[in-house]
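Single-structure report; data block below.
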Amino acid sequence: MQETKKKPGLREQNKEEKLRRIKEAALDLFVSKGFDDTTTREIASKAGVGMGTVFVYAETKRDLLFLIVNDGLEECIAEASAAIRPEDSLLQNLLSVLRLHYEYFARVPVLSRAALREMYFYQSGKQAERFNRTRDKLKLLLTRLISEAMEKGLVSSTESPQIVAQAIFAIYQVDLRMWLSAESLDIVAGLDRLRRQIDVVMRGLSPDPAVLRLDA
């Protein structure tokens, strides 16, 4: 017997409507005025709610920024997991996962640049835990791909899958910021540059032992 989905009550619908207006107002002002020049009071006024209502969902302006961004990032993770295909190469799957994130951040570059700037040391606030959880899911996805390739003997390293995945994640994080700083966002060119950097990690530099010497 199919379970009937319960329709949200009036109070719940009212909360969802206020949240929708807050997010739309914040997005509009962040894009039109810029993140730095927008105030929380302006967002509340545009949304037609009191400051106290805004603080129910976000403690700071930064929290409001990530209230918007978190929705898209969570969708990216879900789509990225579905984009992985067993028949594809490790490199292809890594790029498929990361391409979705490039495409997401390219939708509203002004908002994305602000979010990437503000995410450093983002540990407190109502949306921080949600953002950090999504970021960890991306790292785990990359780690899973590396780990599976190692188990199949397709790649090998003296380091753990977690360290290899962290290296790739670090390259992605830095290159994404560099790419977003350009006036014209060419996803094909950006992913090609990312591919070449990941290729360096996967192929290695075949170093002479003297290159790795560390003096005491």
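Here, each number is a calculation from the coordinates, and none is a lab measurement. Because the structure is a prediction, the values reported are computed rather than measured. Here Cβ is always computed from backbone atoms with ideal geometry, including for glycine, and neighbour counts include all displayed protein chains.
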Screening Asp215, Asp192, Asp208 for residues that are free of Cβ contacts under 8 Å to residues at least 12 places away in the same chain and surrounded by 11 or more Cβ atoms within 10 Å (Cβ to Cβ) leaves only Asp192
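Return the residue satisfying two criteria in turn: it lies in the range 108-161 and is in contact with a Ser or Thr (Cβ under 7 Å, 6 or more places away or on another chain) and in contact (Cβ under 8 Å) with a residue 24 or more places away in the chain, and of such residues it is nearest to Phe66 (Cα to Cα). Spell out how you get there, then give the answer.
Keep residues of the range 108-161 that are in contact with a Ser or Thr (Cβ under 7 Å, 6 or more places away or on another chain), which gives 125, 141, 150, 161.
With in contact (Cβ under 8 Å) with a residue 24 or more places away in the chain added as a condition, the list becomes 125, 141.
Details: Gly125: 10, Leu141: 21 Å.
Applying the filter and picking the extreme gives Gly125.
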Within the range 40-53, residues touching a Ser or Thr at 6+ places or on another chain (Cβ under 9 Å) and within 23 Å of Gly72 (Cα to Cα) come out as Thr40, Ala44, Ala47
Filter result for Phe30 (surrounded by 15 or more Cβ atoms within 10 Å (Cβ to Cβ), out of contact with any Phe, Trp or Tyr (no Cβ under 9 Å at 6 or more places or on another chain), of a type outside the set (Val, Ile, Thr) and not in a helix (DSSP H, G or I)): no
Taking the range 76-107 and keeping residues surrounded by 13 or more Cβ atoms within 10 Å (Cβ to Cβ), closer than 19 Å to Arg130 by Cβ and either free of Cβ contacts under 8 Å to residues at least 40 places away in the same chain or not small (Gly, Ala, Ser) (or both) leaves Cys76, Ile77, Glu79, Leu100, His101, Tyr104, Phe105
For Asp199, the lone unmet condition from (1) under 17 Å from Leu90 (Cα atoms); (2) in contact with a Leu (Cβ under 8 Å, 6 or more places away or on another chain); (3) surrounded by 14 or more Cβ atoms within 10 Å (Cβ to Cβ); (4) not β-branched (Val, Ile, Thr) is (3)
